[in-house]
Amino acid sequence: MRLIFEGPPGSGKGTQAKKLSERRGWIHISTGDLLREAVRNRTPVGLTVESVMREGRLVSDATVVEILEERFRRGDCAAGFILDGFPRTLGQAAALDRILSRLKLPVQRVIVFEVRDEIIVERITGRRSCPVCQTPYHVKFVPPRKPGICDKDGTPLVQRPDDGEDRVRTRLAKYHEETEPVIPFYERRGLVRRVDGGAPPDEVFKSVEQALA
Ligand code: AP5
């Protein structure tokens with residue numbers, strides 16, 4: 001299946017996309033992960049976007065579309081994909097339409113994770129993730145078996161530089177301003193299903209699976 005996961009920062013898009021990808025074999029494409037990889041590898045794109053991301057602002061449409069097109073060129077998405085954190089503006093939604101119609105792989109469902117802003121701040125400031133396999137944890141809600149260590153590969157967990165409280169508020173404002181208007185774009189096509197992202201992770205996963213039926 002070809003899916004888009006939309007929702008505010010910290011609404012659980014990455015957590016659920018990873019699990020669904022592992023269960024169903026659909027490719028998980030997170031533009032945030034792709035951009036962070038570019039920053040880590042000190043590529044020309046990475047050097048341009050590093051400060052924008054650290055401040056919690058959105059990377060330009062041109063840059064993020066380019067990075068996504070490059071990802072689709074790997075040619076492994078025909079059996080299904082989950083787009084996590086893209087599109088985030090109406091310009092990106094239009095670009096995605098062009099890319100997917102060229103590949104003849106139209107989007108089949110858009111899952112929107114609804115979580116109140118107050119919950120988001122606690123979730124993001126407590127988030128830790130594995131720098132190798134990208135698995136997300138939370139110090140309180142989704143703790144690793146051994147504190148500070150990834151369950152899957154034993155790597156010490158890290159905190160993202162854009163996960164401080166002030167940055168979270170900037171990212172939330174950007175979400176309400178620029179990304180929420182993308183939802184009606186897909187609603188008009190009858191593709192949107194909303195899930196309560198404020199529930200515990202396993203319950204959210206059940207709601208996601210129901211939304212795919
Ligand atoms: P990106 O990496 O996409 O971040 P985001 O959208 O801000 O989302 P997050 O990764 O913060 O949260 P999530 O919804 O995946 O939640 P998670 O599962 O981790 O983007 C980062 C930056 O890159 C952007 O700010 C921008 O600069 C740039 N960027 C990326 N894409 C772009 C684009 N298309 N255009 C322009 N710029 C772009 O969960 C969060 C925490 O909560 C974790 O600790 C988790 O363990 C915990 N948790 C998850 N689910 C639950 C639950 N149900 N109950 C309790 N805790 C939970």
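The values are calculated or read from the model by the stated rules, or taken from the named source; none is laboratory data. The shown structure was predicted, so the numbers you read here are calculated from the model rather than taken from an experiment. Positions of Cβ are generated from backbone atoms using ideal geometry, with glycine treated the same way; all protein chains shown enter the neighbour counts. When the accessible area is computed, the model is the full protein with side chains, heavy atoms only, and any ligands, DNA or RNA have been set aside. Shrake-Rupley method; radii C 1.70, N 1.55, O 1.52, S 1.80 Å.
Here are the numbers for this structure:
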read-out: Matching entry among G46, G75 (being more than 7 Å from the ligand (Cβ to nearest atom), over 17 Å from the mean Cα position of the chain (by Cα) and open to solvent by less than 10 Å² (accessible area, probe 1.4 Å)); value: G46
read-out: Residue within the stretch 3-14 that is at negative phi, more than 9 Å from the ligand (Cβ to nearest atom) and over 14 Å from the mean Cα position of the chain (by Cα) present; value: no
read-out: Cβ-Cβ under 8 Å pairs, at least 6 apart or on other chains, the stretch 1-23 side assigned to a loop (DSSP other than H, G, I, E, B), far side aromatic (F, W, Y) and open to solvent by 10 Å² or more (accessible area, probe 1.4 Å); value: M1/W26; P8/Y175; P9/Y175
read-out: So R98, is it away from the ligand (no atom under 13 Å from the Cβ), modelled with pLDDT of 95 or more and more than 29 Å from P201 (Cβ to Cβ); value: yes
read-out: Restricting the stretch 140-171 to residues that are of a type in the set (D, E, K, R) and in a helix (DSSP H, G or I), the residue that is nearest to the ligand (Cβ to nearest atom); value: R171
read-out: Matching residues in the stretch 161-173 - criterion: being out of contact with any Asp or Glu (no Cβ under 8 Å at 6 or more places or on another chain), surrounded by fewer than 18 Cβ atoms within 10 Å (Cβ to Cβ) and closer than 23 Å to Q134 by Cβ; value: P161, G164, E165
read-out: Out of Y186, Y137, Y175, sole residue that is away from the ligand (no atom under 13 Å from the Cβ) and hydroxyl-bearing (S, T, Y); value: Y186
read-out: Verdict on P147 being surrounded by fewer than 13 Cβ atoms within 10 Å (Cβ to Cβ) and over 19 Å from the mean Cα position of the chain (by Cα); value: yes
read-out: G190, sole failed condition from (1) open to solvent by less than 90 Å² (accessible area, probe 1.4 Å); (2) touching a residue at least 40 places away in the same chain (Cβ under 8 Å); (3) farther than 20 Å from D117 by Cβ; value: (2)
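Table: residues versus (1) within 19 Å of K174 (Cα to Cα); (2) of a type outside the set (K, R); (3) in contact with a helix residue (DSSP H, G or I) (Cβ under 9 Å, 6 or more places away or on another chain).
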site	(1), (2), (3)
E55	yes, yes, yes
D61	yes, yes, yes
V65	yes, yes, yes
L100	no, yes, yes
L105	no, yes, yes
V115	yes, yes, yes
R128	no, no, no
V132	no, yes, no
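Matching residues to (1) within 9 Å of the ligand (Cβ to nearest atom); (2) open to solvent by 30 Å² or more (accessible area, probe 1.4 Å); (3) modelled with pLDDT of 95 or more:
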position: R54; (1), (2), (3): yes, yes, no
position: V65; (1), (2), (3): yes, no, yes
position: L90; (1), (2), (3): no, yes, yes
position: P106; (1), (2), (3): no, yes, yes
position: V115; (1), (2), (3): yes, no, yes
position: I119; (1), (2), (3): yes, yes, no
position: S129; (1), (2), (3): yes, no, no
position: V132; (1), (2), (3): no, yes, no
